[in-house]
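Any read-out appearing in this document is the output of simple, stated calculations on the displayed coordinates, not a laboratory observation. Being a predicted model, the structure only gives us computed values, none of them experimental. Counting neighbours? That spans all protein chains shown, and the Cβs are built from the backbone with ideal geometry, glycine included.
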């Protein structure tokens, strides 16, 4: 469980010294002694709590210099492929680029390889997936002074030592393998290190939290997928899956599993989030839940307000309808960001404290060794909390966790230590299977 310390209390020596003054009979009237003692204790406790209210900027800086912060889920890939988005340039749109990753002290990033499971056929999804993988390979090679390809925990740490940001990939949605283990194996060879078993629709072998299907949970072939991922050393990601699929994957996997970008259902009751029982079960298996920053998974009632904006949804639907599946898709990005800006203007932003609530809850339920970062930047229509608008704002998260009483060692685990540990364990399971 969490090792979060309690708020500081007055030292025994100071309290005992003050007690001695009163008990030594130096007060003019014994009647006021109890009142004065209560007031004294209240003042000491209040001043101690106030000292914890604001994190020391020097402490934040020291911790970030030590950290290996890793974000498990970023959808910037779409812009890299469709808009020729140059990661080395600073941008006033989107949430991720190299300058902002440097500012945010982020040293590892999993770029999401996503295709719309409702729009692309499985065969088309494979083509689109390969195009995205190629785009990330090419963009990484384009900036060798800043980026380094990585597929293991050791390679992430090596990149950090050389001052490079480790670039990794995860596929978001099992539809991209078209129910073919050979395709899964080829993705692994190309550097993919996690597969989200479903996206918003079910695959023929796994149920999704997005839409009900004829089957729920994992089919026998779905269990084969999980076992093959274990053999390869690919992390099993249960974000987006149905509750039954989660428990089936947990039962089948011989390695810890992850949620790459999910939050807490106890706070925001949406199917995409994890229940407390799921958090405990994930932790018992050694897994890590990476908290999603999207406001719809953080704030109760946010999705209802978002879905009520029918004019913006109509604009988005029309844009999607006229955007080709392949080829020149670059014009859609600027239009989509205009629609996003209209929504943000109407909805505002939730406070950073709500995001911290989810980290707090997950840590208290699953334990400090089982929580990480899974922002969903560039994949949630810009709807992120105030103070966490892009990846450069990760220091605000560090500051907030400090102000909630977490130790430096605990925060280092959340930033990336837990992710590195689960990566190593998945690699070790694969290594044992290869013997």
Between 0 and 90°, nearest 10: helix 332-347 axis offset from the chain longest Cα axis:
30
Starting from 0.36 nm per residue, how many nanometres of slack lie between residue 65 and residue 303 once their C-alpha separation is accounted for?
82.0 nm
In the chain the DSSP beta bridges are antiparallel at a rate, in percent to nearest 5, of 10
Could you calculate the contour length gain from residue 116 to residue 320, that is, 0.36 nm times the residue separation minus the distance between their Cα atoms, to one decimal place in nm?
72.3 nm
Packing-ranked peptide list from 310-320, 283-293, highest mean Cβ count within 10 angstrom first, is 283-293, 310-320
Run lengths n ≥ 4 of DSSP H only: what is the helix-derived mean residue ellipticity at 222 nm for the chain, with -39500 (n - 2.57) per run over all residues, to the nearest 500?
-14500 deg cm²/dmol
Return the Rg/Rh ratio of region 172-214 with Cα-based radii and a Kirkwood Rh.
1.01
Largest fluctuation, 340, 369, 360 only, Gaussian network model of the chain with Cα springs under 10 angstrom, belongs to 340
Would you look at the GNM of the chain, springs on alpha carbons closer than 10 Å, and say which of 121, 151, 196 moves the most?
121
Quick one: angle between helix 57-66 and the longest Cα principal axis of the chain, in degrees between 0 and 90, rounded to 10, please.
40
What residue among 408, 82, 304 shows peak mean-square fluctuation when the chain is described by a Gaussian network model with Cα springs under 10 Å?
304
Compute the distance from the alpha-carbon center of region 327-354 to that of region 64-115, in whole Å.
17
Angle check, please: helix 33-51 long axis (alpha carbons) against the longest principal axis of the chain (alpha carbons), in degrees 0 to 90, nearest 10.
30
Roughly how far apart, in whole Å, are the Cα centres of region 125-140 and region 218-232?
24
DSSP bridge pairs, region 170-315: antiparallel proportion in percent, nearest 5
25
Please report the relative contact order for region 54-108, taking Cα pairs under 8 Å with a sequence separation of at least 6, and give it as a percent rounded to a whole number.
39
